[in-house]
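Student: Quick one: structure below, then a few questions.
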Amino acid sequence: MKKNLNIFIHAFTIELRKVFAYKLEFWASFIFSTAAMVIVSYLLWQSIFELNQVSQMKGYTLNALIIYYFCIAITHKILVSSGMGIISRDIYYGDLNKYLLYPVNYQIFKLGTYFTKSLLYLSVLLISLIGFQIFLSANLNFLSIVQGIILILSSTVTFFFLTSILELLAFWADHIWSLGIMIRSVMAFCGGFMIPLSFFPESIYNFIHYTPFPYLLYYPIKLLTNQESSYSFFTIFSIHLFWIIVFYIGQQLVWNKGKYKYTGVGI
Amino acid sequence: MRYFRLYLHFIRFSFTKALQFRFDFTFRIFMDLVFHTLNLVFFRILFNHTTLIGDWNQSQVTLFVTSFILFDGIYMTVFATNAWWLPEHINKGELDYYLTKPVSPLFFFSFKEFAANSLMNLFFGIAIFSWALTQLEFSFHFFQLLLYILLIINGAFLYFAMQLLMYLPTFWTQSPRGFDMLLHGLDPILKYPISIQKYLMRTVFTFLLPLNIVLSYPAKIFFNEAPIKGVLIILVCTTLFWLFISWLWRSGIRQYSSASS
């Protein structure tokens, strides 16, 4: 356990150094993409609120929607922090060789790498929440923030294991990039990244609750921003645990089969 | 003519290459289909709660969204793969390959990779855009359609120029991806109708970083909101933008120090 924790911390530190080697690009792209998403969503909803002459839609005021889009934009970044290729690149280029030779747990090492940017984004989210409380009267409370943060972290672990199943398909498939992007698009849509789920027609709303995605994005944000939610913290956390176990088993199955396919010469 | 023949060779070679990676070939088609379908569903959901977005109605917004599919098909097929590799070519010294051939390096680099798998999505884009045209409440002339095609192709060239603008600083900074995440981050501005933008934003993204010219203005041709004079200005602006990119490219090449620069 202690050894794994050390590996995690080492991987985290190495990745952190890489991020800070190009810190201007990292922060500039983060700020630009988040700001663009929030501004466009604000303009879109402002025009809809003005046209319909309402101050609230589906329980959201315009201010609440800005906070929602801001939080979900950052949470989405936390979940997909490392681009596609974190594992598949090692398989394609033959870099997996060194990890197989080193006395380290490959999965833990990759999890540490994955979490680096996630934790940086999470720190920005926490600071922003203070700003929302002061300037937008966000009605936040300490308990809901703590619960929201725990859920965002467990969402990240869940999504890491889901992504790693797809990445490991690289043992068989020639390119898995498009498959990963497809899952990310579906996750964004079903998780309420484009529009809060309460605006969805009932049939689609009910259907997407059979997938893990609403619990990865939408419900953690609801708790974080202290909005009324149909699921409690413990229910969402239990759902996360369920999916983590399912994806972990899936990942182990794929890894155990795939590693015998690995030639180590790259493509 | 020589360049045209060369381009045909690029296409033939790209098809051969794409068919070697069959899994990726299939999944890239599915990926684009899923991505665009979700985008269409998103706007459909929005119109369950409103009748207008800005001052555009549902059929106008649908035409705009399908224009994006068409644009994306053109851009992904012709330009995207080429643009993507530029920072890596610069940093690893692989640009030598393009500079040593008896052909314009910018042309060679810009058109070498033709994404055969995205071509299928271009066909999908044409089909769904044609459907969206039939949903419009007002009629249009064939001339408007021709102008639109001209402007949407122009939009793809312009977006490629903007993408290069983000990558070319790599000649000086040697950063792994240039500033491409900035443009990528501004994607929502490209994907949402111009009708929601206020004056300042509209000005910035029309004249400074002309994302509005890529998609929204071509769509406006059908709504009789874009006069002919405007079309000429768009074409002149694109030419000026490309002249600037060519100058930046030449300056970058002078800065380039080959392997492991």
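The values are calculated or read from the model by the stated rules, or taken from the named source; none is laboratory data. Predicted model, so just to flag it, every value in this text is computed and none were measured. Here the Cβ is made from the backbone with ideal geometry for all residues, glycine too, and neighbour counts use every protein chain on show. What goes into the accessible areas is simple: the full protein's heavy atoms, side chains included, and nothing from ligands, DNA or RNA. Shrake-Rupley method; radii C 1.70, N 1.55, O 1.52, S 1.80 Å.
Student: Starting from residues that are farther than 12 Å from A:Ile236 by Cα and among the aliphatic types (A, V, I, L, M), keep the ones in region A:139-152 and report whichever is modelled with the lowest pLDDT.
Tutor: Per the stated criteria, the residue is A:Leu140.
Student: Please state which one of A:Phe193, A:Phe247, A:Phe161, A:Phe233 is surrounded by 18 or more Cβ atoms within 10 Å (Cβ to Cβ), farther than 19 Å from A:Tyr92 by Cα, over 17 Å from the mean Cα position of the chain (by Cα) and touching a residue at least 40 places away in the same chain (Cβ under 8 Å).
Tutor: The conditions single out A:Phe233.
Student: What about B:Gln135, is it polar (S, T, N, Q) and more than 22 Å from B:Asp32 (Cβ to Cβ)?
Tutor: Judged against the criteria, B:Gln135 is not a match.
Student: Sticking with this structure for a sec: Which numbered condition in (1) closer than 23 Å to B:Tyr217 by Cβ; (2) surrounded by fewer than 16 Cβ atoms within 10 Å (Cβ to Cβ) is the only one that B:Thr37 fails?
Tutor: Result: B:Thr37 fails condition (1) only.
Student: Let me ask something additional. Which pairs turn up if I take residues in region B:223-244 that are within 29 Å of B:Tyr167 (Cβ to Cβ) and look for partners that are surrounded by fewer than 16 Cβ atoms within 10 Å (Cβ to Cβ) and modelled with pLDDT of 90 or more with beta carbon separation below 9 Å, at least 6 apart in sequence or on another chain?
Tutor: Filtered contacts from region B:223-244: B:Val231/B:Leu150; B:Leu235/B:Leu150.
Student: Residue under question is B:Trp249, and the condition is that it be open to solvent by less than 30 Å² (accessible area, probe 1.4 Å), in a helix (DSSP H, G or I) and touching a helix residue (DSSP H, G or I) at 6+ places or on another chain (Cβ under 6 Å); does it hold?
Tutor: Against the criterion (open to solvent by less than 30 Å² (accessible area, probe 1.4 Å), in a helix (DSSP H, G or I) and touching a helix residue (DSSP H, G or I) at 6+ places or on another chain (Cβ under 6 Å)), B:Trp249 qualifies.
Student: Could you list, in sequence order, all residues of region B:19-34 that are open to solvent by less than 60 Å² (accessible area, probe 1.4 Å), within 7 Å of chain A (Cβ to nearest Cβ) and within 20 Å of the chain's Cα centre (by Cα)?
Tutor: Result: B:Arg28, B:Met31, B:Val34.
Student: Moving on. Consider region A:168-190. How many of its residues are open to solvent by 40 Å² or more (accessible area, probe 1.4 Å) and more than 20 Å from the chain's Cα centre (by Cα)?
Tutor: Residues in region A:168-190 being open to solvent by 40 Å² or more (accessible area, probe 1.4 Å) and more than 20 Å from the chain's Cα centre (by Cα): 3 in total.
Student: Which numbered condition trips up B:Ile11, out of (1) facing chain A (nearest Cβ under 8 Å); (2) open to solvent by less than 50 Å² (accessible area, probe 1.4 Å)?
Tutor: All conditions pass for B:Ile11, except number (1).
Student: Taking region B:194-239 on its own, how many of its residues are part of a loop (DSSP other than H, G, I, E, B) and farther than 12 Å from B:Leu158 by Cβ?
Tutor: 6
Student: Just checking, how many residues over region A:124-135 are open to solvent by 50 Å² or more (accessible area, probe 1.4 Å) and either within 23 Å of A:Ile9 (Cβ to Cβ) or touching a residue at least 24 places away in the same chain (Cβ under 8 Å) (or both)?
Tutor: Adding up the residues that qualify gives 1.
Student: List the helices (runs of 4 or more DSSP H) that sit entirely inside region B:124-191 and contain at least 3 residues that are touching a residue at least 24 places away in the same chain (Cβ under 8 Å).
Tutor: Helices (runs of 4 or more DSSP H) meeting the threshold: B:142-167, B:170-173.
Student: Oh, and also: Tell me yes or no: at least one residue of region B:163-180 is of a type in the set (Asp, Glu) and under 28 Å from B:Phe222 (Cα atoms).
Tutor: Scanning region B:163-180, I find no residue that is of a type in the set (Asp, Glu) and under 28 Å from B:Phe222 (Cα atoms), so the answer is no.
Student: Now for a different question. B:Asp55 passes all but one of (1) touching a residue at least 12 places away in the same chain (Cβ under 8 Å); (2) crowded, with 16+ Cβ neighbours inside 10 Å; (3) closer than 18 Å to B:Leu215 by Cβ; which number fails?
Tutor: Looking at each condition in turn, B:Asp55 falls short on (2).
Student: Further question: Tally up the residues in region B:35-55 that are under 22 Å from the mean Cα position of the chain (by Cα) and at the interface with another protein chain (Cβ under 7 Å from one of its Cβ atoms), please.
Tutor: Looking only at that region, the number is 3.
Student: Could you list all residues from region B:185-218 that are within 7 Å of chain A (Cβ to nearest Cβ) and under 19 Å from B:Ala80 (Cβ atoms)?
Tutor: Those that are within 7 Å of chain A (Cβ to nearest Cβ) and under 19 Å from B:Ala80 (Cβ atoms): B:Gly185, B:Leu186, B:Pro188, B:Ile189.
Student: Do we find that B:Tyr159 is surrounded by 19 or more Cβ atoms within 10 Å (Cβ to Cβ), over 30 Å from B:Phe13 (Cα atoms) and at pLDDT 90 or above in this structure?
Tutor: no
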